[in-house]
Amino acid sequence: MRYNNEDTIAAISTPQGAGGIGIIRISGNEAIEKTNKIFRGVNKRATEVDTVARMSSHTIKFGNIIDPETEEIIDECLLSVMKGPHSYTKEDIVEINSHGGYAVMKKILSILFKLGIRPAEPGEFTKRAFLNGRIDLSKAEAVMDIINARTESGRKTAAQQLSGRLTREIVKIREKLKLCLAEIEVALDYPEYEMEEETGNSAMSLLDESEKILENLSSTFYQGRILKEGIRISIAGIPNVGKSSLLNLLSGYERAIVTDIAGTTRDTIEESIDYEGIPIILTDTAGLRETTDVVERIGVDKSYEAIENSNVVVFMADISNIERAEASKVLLDEIKEKFPLKSIITVLNKCDIEAANTAEIFSEDSVKISVKEETGIKLLFEKIKELMKIGEITENQTVITSERHKGLLDSALGALRKARESFTLNMPLDCISYDIWECGKFLGEITGESIEEDVMETIFSKFCLGK
């Protein structure tokens, strides 16, 4: 594919809000010509004015952004030039590093737009990098994963994909498929040599190798998705069992209000943490009980919503008091009945002041903790990892995190298995070759070699502006 749009585009590439530095990125055939009209840089060795048009590629100049209509100085800045094809988009790129105030960046953009540069669409810089052949589609998707990575493990996984590890695996498989198709083509073109059986056996051998690679890749999706999206954990239980205290302990600061008054938490409170490279989104919920208080009732309803939307429920019980322990057990049974497929870990809090026989009310695999003494927390996380089947990812392992990639890999596997079935049923080689071709087409969609335009637009629409 070749990108045909000749528009020059611009957008802010730094986060919204005030900051020390703000970056405006401009890309396209007129990037240098247009910014040349608004930049004035002074050469320290003389009094001559430096212009963007005279700058060498991959150099930076200090100067001022001016309004060409009024000659008003808008801001001082550092301006860098990267000439195509040696740039992110393979087009001419200019980046203006101004102060990061909202007003100044908006003003600079408005001047650029008056000069005929148009606002960039979400992800359009990366889209141009893909369409101009600098990166493939899987690498483009990895860019967004790196931006959104919540943990070091998530960053490493995205960086692996950006480095081309997944692409290399896909290329390896597609080469095997091309060899299969070439052998089949020869057998079909020269039927007098009666090579069909021999060619079919050779093709099946190559398909077996490809299938193993595809199965290994597909099997990493579950863990890859956790590294990318995190584990959603809701902390549930009757009022005053220590739910908010546990959230505060795990998050490392006083995120939730804690009092001895039942029903203090009236709304769900969410906090993200990083545990050994695993992103975890914790939700503290309102104490679950029957109530006539309208506001508390809303909080209870939201608590059940949080439970329904979570991957794991940490159900907390207070074992310092037999009556409260029994009330917790009744609620636990109700939650299990209401959410029969939900993964639930029972956590017995206040084990430092445990009352006699209270722990016996619950199952043996319950986890004893003391939020006050900060004990049992590591055991709780090990239980979560065990329940979610989270293992170690080796340095050389290719991990997929995209649901789109997972679906295409499974479709490719289906096509391979259909080819094998056709061979087993003694179907003609040209029937088998179609399934092999279809497998290659699905794999090509991962890297973008055979992608529909509407799918591509959907992918890039999820990107942030300026990237």
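The values are calculated or read from the model by the stated rules, or taken from the named source; none is laboratory data. Small disclaimer: the values here were computed from a predicted structure and weren't measured. Reconstructed Cβ throughout: ideal geometry from the backbone, glycine too, with neighbour counts over all protein chains shown. Accessible surface is based on the protein model in full, side chains and every heavy atom, while ligands, DNA and RNA are left aside. Shrake-Rupley method; radii C 1.70, N 1.55, O 1.52, S 1.80 Å.
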**Q.** Restricting region 267-298 to residues that are charged (D, E, K, R) and under 28 Å from residue 228 (Cα atoms), the residue that is modelled with the lowest pLDDT
**A.** 267
Q: Given the conditions (1) under 17 Å from residue 285 (Cβ atoms); (2) surrounded by 19 or more Cβ atoms within 10 Å (Cβ to Cβ), report the number of the one that residue 327 does not fulfil.
A: (2)
Q. What do you reckon, is residue 384 buried (at least 19 other Cβ atoms within 10 Å of the Cβ) and of a type in the set (A, V, I, L, M, F, W, C)?
A. yes
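Name the single residue, out of those in region 74-90 being over 13 Å from residue 32 (Cβ atoms) and of a type in the set (A, V, I, L, M), that is most open to solvent (accessible area, probe 1.4 Å).
Of everything passing the filter in region 74-90, 78 is most open to solvent (accessible area, probe 1.4 Å).
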(Q) Among the residues in region 419-433, are any in contact with a Pro (Cβ under 8 Å, 6 or more places away or on another chain) and open to solvent by less than 10 Å² (accessible area, probe 1.4 Å)? (A) no
Q. When region 239-253 is examined, which residues are found to be assigned to a loop (DSSP other than H, G, I, E, B) and surrounded by 22 or more Cβ atoms within 10 Å (Cβ to Cβ)?
A. 241, 242
Q) Hey, among 378, 462, which residue is modelled with pLDDT of 90 or more and surrounded by fewer than 20 Cβ atoms within 10 Å (Cβ to Cβ)? A) 378
Q. Just checking, how many residues over region 91-131 are in a helix (DSSP H, G or I), modelled with pLDDT of 90 or more and either open to solvent by 40 Å² or more (accessible area, probe 1.4 Å) or among the acidic types (Asp, Glu) (or both)?
A. 7
Q: Test residue 71 against the criterion of being surrounded by 20 or more Cβ atoms within 10 Å (Cβ to Cβ) and not in a helix (DSSP H, G or I), and give yes or no.
A: no
Q: Give me the pairs, please: first residue somewhere in region 73-87 and free of Cβ contacts under 8 Å to residues at least 40 places away in the same chain, second residue anywhere and assigned to a loop (DSSP other than H, G, I, E, B), beta-carbon distance under 7 Å, and either six or more positions apart or on two chains.
A: 74/67; 75/99; 82/57; 82/58; 84/90; 84/91; 84/92; 86/57
(Q) What are the pairs with Cβ atoms under 6 angstrom where one residue, in region 93-104, is farther than 26 Å from residue 83 by Cα and the other, located anywhere, is surrounded by fewer than 15 Cβ atoms within 10 Å (Cβ to Cβ)? Sequence gap at least six, or different chains. (A) 101/18
Q. Out of region 288-304, which residues are over 28 Å from residue 358 (Cβ atoms) and either in contact (Cβ under 8 Å) with a residue 40 or more places away in the chain or in a helix (DSSP H, G or I) (or both)?
A. 294, 295, 297, 298, 301, 302
Q: Collect the residues in region 154-178 that are open to solvent by 40 Å² or more (accessible area, probe 1.4 Å) and more than 18 Å from residue 409 (Cα to Cα), keeping them in residue-number order.
A: 155, 156, 162, 163
**Q.** Yes/no for residue 263 being at pLDDT below 70, touching a helix residue (DSSP H, G or I) at 6+ places or on another chain (Cβ under 6 Å) and on the phi > 0 side of the Ramachandran plot
**A.** yes
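Among the candidates 322, 307, 278, 335, which residue alone is among the hydrophobic types (A, V, I, L, M, F, W, C), free of Cβ contacts under 8 Å to residues at least 60 places away in the same chain and either open to solvent by less than 40 Å² (accessible area, probe 1.4 Å) or over 19 Å from residue 380 (Cα atoms) (or both)?
Result: 322 is the single residue among 322, 307, 278, 335 that is among the hydrophobic types (A, V, I, L, M, F, W, C), free of Cβ contacts under 8 Å to residues at least 60 places away in the same chain and either open to solvent by less than 40 Å² (accessible area, probe 1.4 Å) or over 19 Å from residue 380 (Cα atoms) (or both).
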Q. Quick one: would you say residue 335 is within 34 Å of the chain's Cα centre (by Cα) and modelled with pLDDT of 90 or more?
A. yes
Q | Inter-residue pairs, beta-carbon under 9 Å, first over 17 Å from residue 97 (Cβ atoms) and of a type outside the set (Val, Ile, Thr) and in region 1-20, second modelled with pLDDT under 75 and open to solvent by less than 30 Å² (accessible area, probe 1.4 Å), 6+ apart | A | 1/451
Q: Considering only region 140-153, state which residues are of a type in the set (D, E, K, R) and either surrounded by 19 or more Cβ atoms within 10 Å (Cβ to Cβ) or within 20 Å of residue 458 (Cα to Cα) (or both).
A: 141, 145, 150
